[in-house]
Amino acid sequence: MNCFSGSPPSGLLNSELLQYLRGNDDHAEHHITLLQQAETCLNDPSVEAADRMDVAGRIERWRYQTLNEWRDEPVPGQEQLIDSLDRWTCWLRQIDRETPRSLRHHLTSASSDDDTWQAAIDGRMAMPELCEAAQQKTHRLFSVSVSDQPNATKRRMLLYAPLYVSSHCVNHCVYCGFKYDMDIQRTHLDIDDVMVQADILLDNGFQHQLLVAGDFPRLTTTSYFCDLIQCMRDRGLEISIEIASQSSDSYQAMADAGATGLTLYQETYDPEVYRLVHPRGPKQSYDWRLEAPERAAETGFSRIGIGVLLGLADPVSDVQMMIRHAKYLKHQFPHLRLALSLPRLHQTPDGYQVKHPIDDEQLIRFYAACRLAIPDVELVLSTREPAALRDRLAKICITQMSAGSSTTPGGYQSDGCKQDDADPDGQFPVTDQRSVHQVRDWLCKENFDVRWRFA
């Protein structure tokens, strides 16, 4: 089963693989037939690309089902099968990758960690020294020249806005305001409603907009997002998505429609905690979510944002593994523009207690450590955090900020204001209540070069 060369060899369905499937797979004949179809696709040049992609998609789903089983009850040889299925998918999708996905191993290995950023995370580096080092690296890598002032520079700062399109969700994430059993008014915007919201944001300067939605397969379909992306691209907008983990086929369709960025937080890299805080729903699958940024990058997304939700698990371990995840992606996709974010849990639904509360100084330490670990990474800060802390972090190391945010579908009004600063139906509370223009004016006063899009 250990077939990982760059091109498919002959005799893919060898006796070893057949014997393993028939001895360990309750659906062996179905899966053998699927692999026979895959072999035909690889050996017959007359097979249509759509048929080849269909088979690849079915093998991808089989791989993730096996991954879920492997985490629950490991079976000898199962991990090798997982890697083999990954290679079959690569052959069918014509992805040039010499080795199977190795992220799940990379996350737990500290062999390549640098002691400098480790000391920054775990508290061995003093805060003044850490903040000064992070600030210097940020200014060196994210400053731009001032055209009419020789030798003068400004720090660039991208302002973006989340555009919530649906609060319907089938997941039971214990910390989320959109979880399935929350008693809130659910809203799903049609294309016309989304474009009204997009135009309001555009009128306020936002040329880079982030589509956000709960996970509700009947409504939040691939075609729904592709239609939204195409309409927004027609307005000249730069589009990123922050939605449920998608298949390779879905990411490909959205990239073809014009999406260029993906934001997807693992929430926590601790598999046991992940299982506890995601008790029901498709988000239960740790590996499906973990490898989603890699799937998106393979299909053409040029910007990927990852992060952890601080408060769920041991923060030091989570930040360490997030950095390893980012370094893995940077190695796999050298031209990828990476972003990291560290949202904190503040208010949570009734009944859930934050297990690992994070204070302001810890948050600053973690962000500064990220800057030392990967100097050219974008660091993102949302309106979850209060204005004074956002201002302080902006001066140290942040390069992207949301402003004037609403976390409710349809939450922006034509006058540029949010409908309700304390909306009980939002995904999470917005703490920085400043308007877009107040945030922009503060940044300009502090000598930042405010950007509204990447390109």
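Within the stretch 154-207, report the chymotrypsin sites (Phe, Trp or Tyr not before Pro) that DSSP leaves as loop and that have at most 13 other Cβ atoms within 10 Å. Spell out each step's value before the answer.
Values: sites: 160, 164, 175, 178, 180, 206; in loops: 175, 178, 180, 206.
Counting only loop positions with at most 13 other Cβ atoms within 10 Å, none of the chymotrypsin sites (Phe, Trp or Tyr not before Pro) in the stretch 154-207 qualifies.
Annotation: extensible slack from residue 354 through residue 431 equals 26.0 nm (criterion: 0.36 nm per residue apart, minus Cα-Cα distance). By the rule of a C-alpha distance below 17 Å, with chain neighbours fewer than 8 residues away ignored, the lysines paired with residue 179 are 283. Shape index of the stretch 224-353: Rg/Rh, with Rg the Cα radius of gyration and Rh the Kirkwood radius from the inverse mean 1/r over Cα pairs, equals 0.99.
For the stretch 110-240, the antiparallel share of DSSP beta bridges with both residues in that region comes to about 35%. Inverting the pair-averaged 1/r between distinct Cα atoms of the stretch 278-421 gives 16.9 Å as its Kirkwood hydrodynamic radius. Across the chain, Cα-Cα pairs farther apart than 32 Å form 41% of the total. Surface composition of the stretch 195-263: carbon plus sulfur atoms contribute 45% of the solvent-accessible area (1.4 Å probe, protein chains only, all chains present). Dipole magnitude for the chain: computed about the Cα centre from +1 point charges on Lys and Arg Cβ and -1 point charges on Asp and Glu Cβ, it is near 1120 debye.
Using a 1.4 angstrom probe, figure out how much accessible area the chain has per residue, in square angstrom, rounded to the nearest whole.
Each residue of the chain exposes 43 Å² on average to a 1.4 Å probe.
For the residue pairs 327/395; 330/395; 154/355, alpha carbon separations beyond 31 Å are given by 154/355. Computed from the C-beta positions of residue 96 and residue 389 and an R0 of 60 Å, the FRET efficiency is 0.85 to the nearest 0.05.
222 nm [θ] for the chain, helices only, -39500 (n - 2.57) per DSSP H run of 4+, per residue, to 500? Kindly include the intermediate steps, with their values, before the conclusion.
Working: 17 runs with 201 residues, N = 455.
It comes out at -13500 deg cm²/dmol, rounded to the nearest 500.
In plain terms, the bigger the Kirkwood radius, the slower the diffusion; for the stretch 148-294, with that radius from Cα pairs, at 20 °C and 1.002 mPa s, Stokes-Einstein puts D at 129 µm²/s.
Where both partners of a DSSP beta bridge lie in the chain, what percent of those bridges are antiparallel, to the nearest 5? Don't jump to the answer; show the numbers that get you there.
Values: 5 of 39 bridges.
In the chain, DSSP labels about 15 percent of beta bridges as antiparallel.
Between residue 58 and residue 148, the distance separating the two model label sites (each 7 Å from Cα on the Cα→Cβ line) works out to 6.5 nm.
Report, in cubic angstrom per residue, the convex hull volume of the C-alpha atoms of the stretch 1-141.
Numbers: hull volume 23.4 nm³, N = 141.
Dividing the Cα hull volume of the stretch 1-141 by its residue count gives 166 Å³.
Excluding residue 183 itself, what net charge comes from residues whose Cβ is under 13 Å from its Cβ, given Lys and Arg +1 and Asp and Glu -1? With Lys, Arg at +1 and Asp, Glu at -1, the net is -1.
Between residue 32 and residue 50, the modelled labels are 3.1 nm apart [label points 7 Å from Cα along Cα→Cβ]. When peptides 77-86, 112-121 are sorted by average Cβ neighbour count within 10 Å, with the highest value leading, the order is 77-86, 112-121.
The values are calculated or read from the model by the stated rules, or taken from the named source; none is laboratory data. Keep in mind that what you see is a predicted model, and the values were worked out from it rather than measured. A quick note on method: Cβ atoms are made from the backbone with ideal geometry, for glycine too, and the neighbour counts reach across all protein chains shown. Accessible surface areas use protein heavy atoms only, side chains included; no ligands, DNA or RNA. Shrake-Rupley method; radii C 1.70, N 1.55, O 1.52, S 1.80 Å.
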